[in-house]
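Nothing in this text is a laboratory measurement; each read-out follows from the coordinates by a stated rule. Keep in mind that what you see is a predicted model, and the values were worked out from it rather than measured. Here Cβ is always computed from backbone atoms with ideal geometry, including for glycine, and neighbour counts include all displayed protein chains.
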Amino acid sequence: MNAAQSVAGRRRLSQAELDMIVTAHEKFVTGKPGGRRASLRFVRLSGLDLSFRNLTEADLSASILDGCRMVRTRLDRASLFGCDLRKSDMRQASLVHADLRGACLRGANLAQADLTQADFREGQITIPHPRNGLETLRQETRRGEIDEANFSGATLDGSEFAGVSAFRADFSDCSLRGANLSGANLKEANLAGAILDGADVSGANFEGVNFAGAVMAGVDTSTAKVERSALVGVLRAPTPEAISKAEALHQACLANQLWCKTDGKQGAAARLDGEDLRPLGDRLRGLRLTAMSARGACMVGLDLSGAHLQGANLRNADLRGANLQGADLRGAKLTGANLTKADLRQACLSPLPLGPQRQALVNLEGARLRYASVQAADLAGAVLDGADLRGADLTGARMTKARLRDVDLSQVEGLDLSTPDGTLT
């Protein structure tokens, strides 16, 4: 499809016209008087701004939105069927269950967007006549195109990418759990640190793909085009040995809880260094695991919400995608831990009192917290020197006297004031 065909017959809207339509749609979505569902089919919106607007369930089918700014726009269940979204800025947008069949997102920026169960497959595209416009239409089958798009840190769980072209697309540190990538062309794409547990990659082209640190439990690559050497170091499903040890490790954690409840009279602090704890699933949720040691343990995707982890030793632990919402991590040792896309909302990472004028600070030196959700967490006094916080959301987090030396804060959400010595006031 050439440029003339792409814009023919499509009415160009001004920013003011678009704002009026979207305002009426937002009233419709929230049930306010004067609301009307937005129908923005076959219109040209190139370069306009829809950032922070609510277009849930709106119909934008076959429209031109190239270069549009849609930062944090809500497009859940919206129809973007056959849209031209080239080089659009859709960072942190919400597109849950969005219909993107046959859409072109070449070079678009969807970093940290929520695209859970979005559909990118091929679609039957209606193309207006270059001269007669919408009076003369023709049908054309076009596969989804996301070449060179940026999905870093995005959530793409259960999304449909069958047959899609994703040449040189950036999926680093994103979540693709249960996604359908069958027959997709991901040649030279970046999947470093991506979580692909249970994804269907049958017949996919992975030539030249960067899989460094990817998590691929339950992924069958036997029919995919991929160099075996590229999969060296990829985290696969727990081994039979790890699964067989799960019950014993759980009992050790229960003994840790008993140790806490009896003030050390019974049980013992758990020693889980280097273990693969993934088979435990959600069995550690809410447990009292004070002083537990799990140095270098594999805890990817583990549910530790509400757990008591005061003084726990989690140095170099792999906690990618772990649920630590509301966990008590006071005084925990997290040096070098990988907390990419971890959920730390309302978690407590403040100092642990040890006696009169003595306390243990939470140590996150060199930790990786890329795209972590840290909203409303308590990080007062935490040591974050050299940590990787790119893309982390610290909105509402308590950061009093937190130490942030040698930390790049340029991509951190919800944090903008620092003192010259690297601490926050």
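Looking only at the chain, where both bridge partners belong to it, what percent of the DSSP beta bridges are antiparallel (to the nearest 5)?
In the chain, DSSP labels about 15 percent of beta bridges as antiparallel.
Throw me the Rg/Rh for the chain, computed over C-alpha atoms with Kirkwood Rh, two decimals. Spell out each step's value before the answer.
Working: Rg = 24.1 Å, Rh = 23.2 Å.
Using Cα coordinates only, the ratio equals 1.04.
If you wrap a convex hull around the Cα atoms of segment 224-372, how much volume per residue is inside, in Å³?
Details: hull volume 17.2 nm³, N = 149.
Considering the Cα atoms of segment 224-372, their hull volume per residue is 115 Å³.
Mind listing the phi-derived Karplus ³J(HN,Hα) values for segment 332-342, rounded to whole Hz, using 6.51, -1.76 and 1.60 with θ = phi - 60°, and x for any glycine or proline?
Ordered by residue, 3J(HN,Hα) equals 5, 9, 10, 4, x, 5, 9, 10, 4, 6, 6 Hz.
Taking the Cα centre of segment 29-125 as origin and charging only Cβ (+1 Lys, Arg; -1 Asp, Glu), how large is the dipole, in debye to the nearest 20? Provide the component values of the computation, followed by the final result.
Numbers: 16 positive and 11 negative charges, 52 e Å.
Dipole magnitude for segment 29-125 comes out near 260 debye.
If packing is taken as the mean number of other Cβ atoms within 10 Å per residue, what is the order of 162-171, 347-356, highest first?
Going from most to least packed, we get 162-171, 347-356.
Give me the compactness ratio for segment 151-237, meaning the Cα radius of gyration over 2.2 N^0.38 Å.
Numbers: Rg = 10.8 Å, N = 87, 2.2 N^0.38 = 12.0 Å.
So segment 151-237 has a normalised radius of gyration of 0.90.
Taking Cα pairs under 8 Å and at least six residues apart, what relative contact order does segment 300-369 come out at, in percent?
Numbers: 203 pairs, mean separation 21.9, N = 70.
The value is 31 percent.
Which of the residue pairs K261/K341; K32/K87; K265/K333 have a Cα-Cα distance greater than 28 Å in the structure shown? Before the final figure, lay out the partial values.
Numbers: K261/K341 32 Å; K32/K87 34 Å; K265/K333 25 Å.
Where the Cα-Cα span goes over 28 Å, the pairs concerned are K261/K341; K32/K87.
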